[in-house]
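Shown next, in structure tokens, is the structure this report addresses.
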Amino acid sequence: MNTRVKASTSRSSSTTPRVVRSHQSTGQKQRSHSRPSAAPRSRATEQRQRHLQPVRTPKKKTRTLNVRRNPFIAAPSLKKRLRWALAVLLVFLAVLVRQVSELQIFGGDQYRAAGADIRVRATTLSAERGAIFDRTGQEIAMSVPMMTLYADPKAVTDPVGAAKAIAGLMRFDAAKEQEMAATFAARKSNFSFIARQVDPKIVKSITALKIPGIGAYEEPSRTIVGASAKSVVGKTDTDGVGTAGLELKYNDILTGVNGRFVREQDNEGRSIPGSNSMEEQPQPGQDLVLTLDRSIQYQVDQLLAEQVARIGARGGTAMVMNSKTGDIYAMANVRRNKDGSFTNTSGNFAAVDAHETGSVAKVFSVAAAIDAGAITPDTTFHVPGAQVFDKFLIRDAYPHPLQEMTVKEILVKSSNLGTVLAAQRISSPTLESYLHAFGFGSKSDLDLPDESAGILKPVKKWQGTEKITVAYGYGFASTSVQLLSAVNVIANNGVYVAPRMVSAVIDQNGKTKYLEQSSTREVLKSSTAQQMNLMMRDVICYGTGTKAQIPGMTIAGKTGTGYKIQADGTYGTDEGGRKYFASFVGFLPAEDPQVTVLVSIDEPDAGSRDRFGGTAAAPVFAEIGGVVARELRIKPAATTQPCSRVDPYARANEAAH
């Protein structure tokens, strides 16, 4: 019995404090009975006491008992939590340090640039492009101040009103005005071009309106003085970058280094006082000094255009070269416009287009045979009026029976079949090597943009009649630059001198750097050149080039009339006719050549007498020669002799080829 009481007492003492407090609340009387006496309790009392104790789950009971019995058991758990908290804090700090590093070190430029894009406005100050001067120091191409009108759409407060005001002064149409208004309203960028290279007076009127977000800056525009030599000088785009001619070839030299002007503005687009700064001053480009003579160039342009218009040709080319140095004084190109007018074209056809030379080529084949020792000017051939080669009938330049002709007469009267007989005295490989030495088949040293190398196939590929026709100008093609330089070999005593167009460069400090002289090479013996010179004088006095005569001046030259090959590979047009390319190349004064001149007329009227080199091109040579003689103060040689009134070649005077 006592044992049970103890067990019961033990269970009672092991109850939780809350339960004990609940038990104590039953009254003082009950507590007073239980404390002083250990008398056994009644069964009803024990049951009531058990009923008053709350029911505990084993998990909660165990935890409560552990904490109650040993409060130090929770210490390890607290340390673990602190460690985790510290680890989390360190990770957070590491991430924070990483982000700060990226912002300050690695990604700082990006964010600073974004901030500057909002606050800073940078304006590019275009560097002045270098000028182009002629040989006398006169400007040929220069930059003139113009204005560029722009907008900051994000700063435009009234898109419709701003567009209307600008369109009125700029004389824009309704579509352009609506496009501007839409751009301003979209506010997608901080910069938008309105118009470039505008008259400064118009821009001044617009900026005077003080329209928010509308500004302007100076931007040079390229211009060619008098529009002379534009086919040689070329052109630039709106940004001042060379796109053709010398502007393209020497773009790196002519282009300067742009400057930069920076200003800061507030959220409303207003400049922050004191924030303007010049970060970089623009550096102008270097200047070019050409060999062109502006006065000669202008007059050659005019004379050529007049002739092309007079005879209704498709176009024409004319060039003037210093016979001794290779310096080009003039290079003119004329083309017929769609409306029928004729103007100086921007295309440099003298260097780009290649044509079969026609009879001018007889100079080279005859010179090669003489230089090789195969013939002399007095060598005689029996020349037929027509002959069959490889089943093709080839006719002479003019109809005649079989007749005896000297080499001199063959050249003077421009005999096709006589030239073939003379050229056959040397081998085809020998003739090919001479043609290469004259400069055919290769680009000239001018190396102009899109310059053609012409056509001169290897001798192994000469087929059929090409072995014959090459002697008198068919089977190979030449540019005007090549043809002029080749004939100049005769004028320069047998020495080829490469054409040159740029003589010096002037840097930003005004210091002039002179370029190297033209390269040279010997092509013919001096004696051969002298013999050819004399025969070419007779061409002017008694042959096909009489219209090239200049009073008081001895001239030497050669005419050429070539058929133009058509799209179908033949020389016949769809109408059954032909198209011509007429040329004349000569030099003066013949006793001591100073200048060599070429004139080519593209597609003169095929039904006119002016379709030949002697009638279409030679008269222009005479006019140009007179101009050049006056401009350069070229005087006739003391030994000048006028053409004799007695024609030693009278029997063959039928042709004007």
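The values are calculated or read from the model by the stated rules, or taken from the named source; none is laboratory data. Keep in mind the model is a prediction, meaning the values are calculated, not measured. Neighbour counts are summed over all protein chains in view; Cβ atoms, including those assigned to glycine, are modelled from backbone coordinates with ideal geometry.
Out of (1) buried (at least 17 other Cβ atoms within 10 Å of the Cβ); (2) outside any helix (DSSP H, G or I), what's the single condition that is false for Lys362?
With (1) buried (at least 17 other Cβ atoms within 10 Å of the Cβ); (2) outside any helix (DSSP H, G or I) applied to Lys362, the lone miss is (2).
Of all the residues that make up segment 293-339, how many are charged (D, E, K, R), under 17 Å from Gly625 (Cα atoms) and not in a strand (DSSP E or B)?
Adding up the residues that qualify gives 5.
Considering only segment 534-566, state which residues are without any contact (Cβ under 8 Å) to a residue 60 or more places away in the chain and either outside the structural domain of Asn488 (by TED's automatic domain parsing) or within 24 Å of Thr419 (Cβ to Cβ) (or both).
Arg537
If Ala372 meets every condition in (1) under 41 Å from the mean Cα position of the chain (by Cα); (2) hydrophobic (A, V, I, L, M, F, W, C); (3) under 22 Å from Lys558 (Cβ atoms) apart from one, which number is that one?
In the conditions (1) under 41 Å from the mean Cα position of the chain (by Cα); (2) hydrophobic (A, V, I, L, M, F, W, C); (3) under 22 Å from Lys558 (Cβ atoms), Ala372 misses (1) alone.
Kindly establish whether Ser427 is farther than 26 Å from Arg537 by Cβ, within 47 Å of the chain's Cα centre (by Cα) and not charged (D, E, K, R).
Taking the combined requirement at face value, the residue satisfies it.
Quick check, is Val585 β-branched (Val, Ile, Thr) and under 33 Å from the mean Cα position of the chain (by Cα)?
The answer is yes for Val585.
Might you check whether a residue that is more than 21 Å from Ile555 (Cα to Cα), in a helix (DSSP H, G or I), in contact with a strand residue (DSSP E or B) (Cβ under 7 Å, 6 or more places away or on another chain) and modelled with pLDDT of 90 or more occurs anywhere in segment 618-634?
Within segment 618-634 (the criterion being more than 21 Å from Ile555 (Cα to Cα), in a helix (DSSP H, G or I), in contact with a strand residue (DSSP E or B) (Cβ under 7 Å, 6 or more places away or on another chain) and modelled with pLDDT of 90 or more), the answer is no, since none of the residues qualifies.
Test each condition in (1) buried (at least 16 other Cβ atoms within 10 Å of the Cβ); (2) not assigned by TED's automatic domain parsing to the domain that holds Gln299; (3) not aliphatic (A, V, I, L, M) for Glu623 and report the one that comes out false.
Result: Glu623 fails condition (2) only.
Tell me, please, whether a residue that is in contact with an Asp or Glu (Cβ under 9 Å, 6 or more places away or on another chain), of a type in the set (Gly, Ala, Ser), in the same structural domain as Leu448 (by TED's automatic domain parsing) and more than 15 Å from Pro499 (Cβ to Cβ) can be found in segment 298-313.
Looking for residues that are in contact with an Asp or Glu (Cβ under 9 Å, 6 or more places away or on another chain), of a type in the set (Gly, Ala, Ser), in the same structural domain as Leu448 (by TED's automatic domain parsing) and more than 15 Å from Pro499 (Cβ to Cβ), one finds at least one in segment 298-313, hence yes.
Run Pro593 past the list (1) out of contact with any Gly (no Cβ under 8 Å at 6 or more places or on another chain); (2) in a helix (DSSP H, G or I) and report the number of the one that doesn't hold.
Among (1) out of contact with any Gly (no Cβ under 8 Å at 6 or more places or on another chain); (2) in a helix (DSSP H, G or I), the lone unmet condition for Pro593 is (2).
Filter segment 334-355 for residues that are over 25 Å from the mean Cα position of the chain (by Cα) and surrounded by 21 or more Cβ atoms within 10 Å (Cβ to Cβ) and give the result.
Phe342, His355
Among what's in segment 232-253 and is of a type outside the set (D, E, K, R) and in contact with a helix residue (DSSP H, G or I) (Cβ under 7 Å, 6 or more places away or on another chain), pick the residue that is surrounded by the fewest Cβ atoms within 10 Å (Cβ to Cβ).
Applying the filter and picking the extreme gives Val241.
Those residues that are of a type in the set (Ser, Thr, Tyr) and in contact (Cβ under 8 Å) with a residue 40 or more places away in the chain, I need them from segment 183-210; list them, please.
Ser192
If a residue has to be in contact (Cβ under 8 Å) with a residue 60 or more places away in the chain and of a type outside the set (A, V, I, L, M, F, W, C) to count, how many in segment 420-436 make the cut?
Number satisfying all stated conditions: 2.
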